[in-house]
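Worksheet: the structure to be examined is printed underneath.
No lab work stands behind these numbers, since they all come straight from the coordinates. Quick caveat, the model's predicted, so the values are computed rather than measured. FYI the Cβ positions are ideal-geometry reconstructions off the backbone, even for glycines, and counts take in every protein chain you see.
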Amino acid sequence: MRADIAEYFLENQDRYFEAILTHLKITGIAVVLGLLVGIPLAVLSVKKEKLSQPLLHTFSLLKMVPALAALMLAIPLIGTGLLPAVIVLTLLTVPVILINTCLGFQEIDSAIVESAHAMGFGKAYVLFKIEFPLALPLILTGLRTATVEVIAGATLAAYIGSGGLGLFIMTGIGLLRWDILLLGGGTVAALSIIADAALALVSRRAVQYR
Amino acid sequence: MTMDLNQKKNDVPVLKFQRVAKRFPNAQINAVNDVSFSVNRGDFITILGRSGSGKTTLLKMVNRIHEMTAGDIFFEGENIKNLNLQDYRRRVGYVIQQIGLFPHMTVAENIATVPSVLKWEKTRIDTRVDVLLTLVGLDPAEYRNRYPGKLSGGQQQRVGLARAMAAEPDLMLMDEPFGALDAITRQTLQDELVKIQQKLNTTILFVTHDIQEAFKLGDRVIIMDEGEIQQYATPINILFEPANDFVSQLVSAEDAVQKLKVLRAGAIASDLGFQTKSGDLRIDKDVYLDKVLARFFETRAEYFVVTGKDGQPIGQISWEQFKNFAQFRKDGVDSKKEAV
Ligand SMILES: Nc1ncnc2c1ncn2[C@@H]1O[C@H](COP(=O)(O)OP(=O)(O)OP(=O)(O)O)[C@@H](O)[C@H]1O
Ligand SMILES: [Mg+2]
C-alpha cells in the first residue's frame, strides 16, 4: 500500500511539484488581491460611516456563498482556467480581511488617534504610522484565516480547470485510487497547517510590544 | 528686529478668547457660551467646573479638535483660523487623562515624535529625550526603550507630559491629566508639574474638576458652569471675593484647613517695610500656608521674610498677621454659612 503511494509519487514527481506550485500561486495571488481590495475598502468604511453598513452587509452575504457554488457560478460568467479561479477565490478572501481590518481600526483607542492629531500629524501620517500598525494584529488574523480558506478553496478550483493539488484529488476520485487522493489531500492539509503556523508566528511578532 | 519680535511676544497674550461659543450639531444649547479671557506668557491657569460644564470643549477649541461656532481665538496675537493647523498644533502641547501614548512605539520614540517631524537632528532629539525623562522623574537609561504597556499609570502620564513638552511648546493644554491616578501619585505629579512649570516658565491651561487641584496649581483659576465663565481670578480672590452665588457655594464647601493647603505664602505676604537681617527666617513664596503654620509652631518665629524666585526678599508674614488672616478666614466662612 505504502509502496503504491511512493511509486505513484516517483512516477509523477514533476506533475506533483507543478501542482503544488500552481496551488501556491493561486493562493498567493488571491490572498494578495484580497488584501489589496479588502484593506482599502475597510479603511473607507471606517472613515466614511455612511459606507460602512452597506459594505459590511454586502460582504457578510458574500461570505455565506459556498466556495464550490461560487466557482460553478463563475463558469458561465468568466469561463474556466486560472483567471476565473483567482477572481472567485479573491472575492472569497475579501470578507474576512475586510471585517477583521474594520475591527482592527475600530478597536484603536480613540485617545491615541486624538493625541496624534493634536500633535499636528496629518491624516496620512496618522493612518500609516499609527492606525495601521495598531490594527495590524487583527489584519494579520484576517490574513491567516483567509489564507487557510483559500488553500482549501483552491482545491476546488481544479474543477474549473485551473490546476493545482485539486487535480490529484479529482484524479484519485475519478480512478478510485485512494493513494492519489491521499497524496493530494494530505499535501493540501500540510500546506494549510504550515501556512497557519507561519502566520501565527508573524502575528505574535507583531504584538511583541504588548 | 529679533528684539522687537521678542518684545511683541511678551506683550501679546499667549492665548486670547473673544466671545467664543460652541454648539454641537443637534444640540439645543451652547456647550460653551460667549467666553472671553486671556492668558499671559508663563501663566498657570486652571479651569474648574462640574461635569458637563464645558471645560473639555473649551480646551479642545484651542487646538481645534473642536471648531468653535462663534467668536475668535488668538494665539500670540494671530487668529488661529489663519494659522496652518499642523504647524500650530506642534506648538501646543496636549496631555489628556487617557494619556494616549502610542503603544507600538518605545518611550523614546513617543517623546521624539514631534521633534522628528520637525526634522531635528538625531543627536539633538536623543539629548532632548533624556533631558525630558529626567525632568519628569524617569531614569532615561531604564525607561528610554520600554514600551508604554509595560509602565504604571503614573509613569505613563509622566511620559505623556514629556511627549507634550518635547518640542518646547508655547502653550500646554492639559485635560484632567492626573484624574485617573491614585491620590499619592497624583500629588507627586502635581508638585513636579509646578516645579517644571516654574523652571521652564511654561504657559499652561489645566482642566480639572477637583477644587483642591485647581487652587493648588493655578496662578489663576477659571470657574466654569453651564458653558460660561463664572469667575476668572487668583485662588485667594476666588476664596474671599466670590463673584456670585455659584462660586461662593463652590468654595464654601472647602473648610479652613483645606484652604491653608491651597494658598501660598506669596499670596498673603505684606510689604517688607524693614531691612532684612542675617538672622531672619526665610520662607519661599510658593510654600503652602499649612507648611507656613507648621513652621511658625516649629520655630516660634515672630515673622518670616518671604523670598521670591532668586531668593530675594519680596515681603513678610508676621505671626500676628497670619493669626488674623486665619481668623478672618474662619469668620468669612462662618458668616457665609449663615447667609446660605
Ligand atoms: N462631541 C460632542 N458632541 C455633542 N455634544 C458634546 C460633545 N462633547 C461634549 N458635548 C456636550 O457638551 C457639554 C460640555 O461637555 P464637556 O465635555 O466640555 O464637559 P466637561 O466640563 O469637560 O465635563 P467632564 O468634567 O465630565 O469632563 C456636555 O453637555 C456634553 O454633553
Ligand atoms: Mg472633560
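Taking neighbour counts of Cβ atoms within 10 Å as a proxy for exposure, in what order, fewest first, do B:Asp139, B:Asp290 appear? Walk me through the numbers on the way to the answer.
Details: B:Asp139 10, B:Asp290 15.
Lowest to highest Cβ neighbour count: B:Asp139, B:Asp290.
Would you list B:Ser270, B:Ser248, A:Ser115, B:Ser53 from fewest to most Cβ contacts within 10 Å?
Values: B:Ser270 12, B:Ser248 17, A:Ser115 26, B:Ser53 22.
Fewest-to-most Cβ neighbours within 10 Å comes out as B:Ser270, B:Ser248, B:Ser53, A:Ser115.
List residues of the stretch A:151-187, by number, whose backbone nitrogen lies under 17 Å from a label position 7 Å along Cα→C-beta of A:Ala6. Backbone N within reach: A:179-180, A:183. Among beta bridges identified by DSSP and lying wholly in the stretch B:13-258, the antiparallel ones come to about 45 percent.
So, R0 is 45 Å and r is the distance between the beta-carbons of B:Asn84 and B:Gln212; what FRET efficiency does that work out to, to 0.05?
Numbers: r = 39 Å, r/R0 = 0.87.
For R0 = 45 Å, the calculated efficiency reads 0.70.
Please work out the FRET efficiency for the pair A:Lys63 and A:Leu182, using the Cβ-Cβ distance as r and a Förster radius of 22 Å; give the result to the nearest 0.05. Spell out each step's value before the answer.
On the way: r = 30 Å, r/R0 = 1.37.
Efficiency, rounded to the nearest 0.05: 0.15.
Under 5 Å from the amide H of B:Val287 lie the amide H atoms of B:Ala265, B:Gly266, each residue being 5 or more positions distant or on a separate chain, with H modelled from the backbone and absent for Pro and chain starts. Relative to the first principal axis of the alpha-carbon coordinates of chain A, what is the inclination of helix A:49-63, with its axis defined by its Cα atoms, in degrees from 0 to 90 and to the nearest 10? Helix A:49-63 sits roughly 10 degrees off the main axis of chain A.
Sort B:Phe240, B:Phe297 by Cβ crowding within 10 Å, fewest neighbours at the top. Mind dumping the intermediate values first?
Working: B:Phe240 14, B:Phe297 8.
Least to most surrounded, the residues fall as B:Phe297, B:Phe240.
Counting only Cβ charges, +1 for Lys and Arg and -1 for Asp and Glu, the dipole size of the stretch B:1-134 around its Cα centre is about 280 debye.
If I take R0 = 56 Å and measure r between the Cβ atoms of A:Leu24 and B:Leu118 in this structure, what FRET efficiency does the formula 1/(1 + (r/R0)^6) give, to the nearest 0.05?
Numbers: r = 46 Å, r/R0 = 0.82.
Computed FRET efficiency for A:Leu24 and B:Leu118: 0.75.
The alpha-carbon atoms of the stretch A:45-125, seen along their principal axes, cover 54, 22, 18 angstrom, with the largest extent given first. Straightening the chain between B:Glu241 and B:Arg282 buys 11.8 nm, computed as 0.36 nm per residue apart minus the Cα-Cα spacing. Note down the relative contact order for chain B as a percent, whole number, built from C-alpha pairs under 8 angstrom at least six residues apart. The normalised contact order for chain B reaches 18 percent. When the convex hull of the Cα atoms of the stretch B:145-241 is projected onto a plane and the area is averaged over all directions, what value comes out in nm²? Directional mean of the projected Cα hull area for the stretch B:145-241 stands at 7.5 nm². Taking θ as phi - 60° and the Karplus parameters 6.51, -1.76 and 1.60, the scalar couplings of the stretch A:133-150 work out to x, 6, 7, 3, x, 6, 4, 5, 4, x, 4, 5, 4, 4, 4, 4, 4, 6 Hz in sequence order, x denoting glycine and proline. Were the residues from B:Val131 through B:Lys199 laid out at 0.36 nm apart, the gain over their Cα-Cα distance would be 23.2 nm. Here's how it looks for B:Ile96: its modeled amide H is under 5 Å from those of B:Asp175, which are all 5 or more places away or on a different chain.
Axis of helix B:153-165 versus longest Cα principal axis of chain B: the two differ by about 70°, to the nearest ten degrees. The H on the amide N of B:Gly49, modeled in the peptide plane, is under 5 Å from the matching H of B:Thr208, B:Met224, each at least 5 residues off or on a different chain.
Please give the Cα centre distance for the stretch B:110-129 versus the stretch A:183-201, rounded to the nearest Å. The distance from the Cα centre of the stretch B:110-129 to that of the stretch A:183-201 comes to 45 Å. What spacing in nm lies between the two simple spin-label points modelled at B:Glu168 and A:Gln208, each 7 Å away from Cα in the Cβ direction? Roughly 3.6 nm, to one decimal. Site pair A:Ala111 and B:Glu109 shows an inter-label distance of 2.1 nm when each label is modelled 7 Å from Cα along Cα→Cβ.
Stretched out fully, how many nm does the piece from B:Ser152 to B:Thr234 gain, at 0.36 nm a residue minus the Cα gap?
On the way: separation 82, 0.36 × 82 = 29.52 nm, distance 3.39 nm.
Residue separation times 0.36 nm, minus the Cα-Cα distance, leaves 26.1 nm.
Here the stretch B:219-303 is treated as a sphere whose radius is the Kirkwood value from Cα pairs; by Stokes-Einstein at 10 °C and 1.306 mPa s it diffuses with a coefficient of 107 µm²/s. Could you work out the percent of alpha carbon pairs in the stretch A:2-207 separated by over 20 Å, rounded to a whole number? Of all Cα-Cα pairs in the stretch A:2-207, 62 percent lie more than 20 Å apart.
For the stretch B:46-109, the convex hull spanned by the alpha carbon atoms encloses 138 Å³ per residue. The fraction of all Cα pairs in the protein assembly as shown landing in successive 20 Å bins from 0 to the largest distance is 17, 37, 24, 14, 6, 1, given as whole percents. Binning all Cα-Cα separations of the stretch B:263-326 at 5 Å, short to long from zero, yields these whole-percent fractions: 4, 19, 35, 28, 12, 2. Sequence-ordered 3J(HN,Hα) estimates for the stretch B:56-67 from the Karplus curve with 6.51, -1.76 and 1.60 and θ = phi - 60° stand at 5, 4, 4, 5, 6, 6, 5, 9, 6, 6, 10, 8 Hz, glycine and proline given as x. Against the compact-protein benchmark of 2.2 N^0.38 Å, the Cα-based radius of gyration of chain B scales to 1.07. Axis angle, to the nearest 10 degrees, between helix B:122-135 and the longest C-alpha principal axis of chain B: 30 degrees. Applying the Karplus relation 6.51 cos²θ - 1.76 cosθ + 1.60 with θ = phi - 60° to the stretch A:27-40 yields 3J(HN,Hα) values of 4, x, 4, 5, 5, 5, 4, x, 5, 5, 8, x, 5, x Hz, where x marks Gly and Pro. Take the Cα of B:Glu67, step 7 Å toward its Cβ, do the same at A:Leu77, and the gap between the two points is 4.2 nm.
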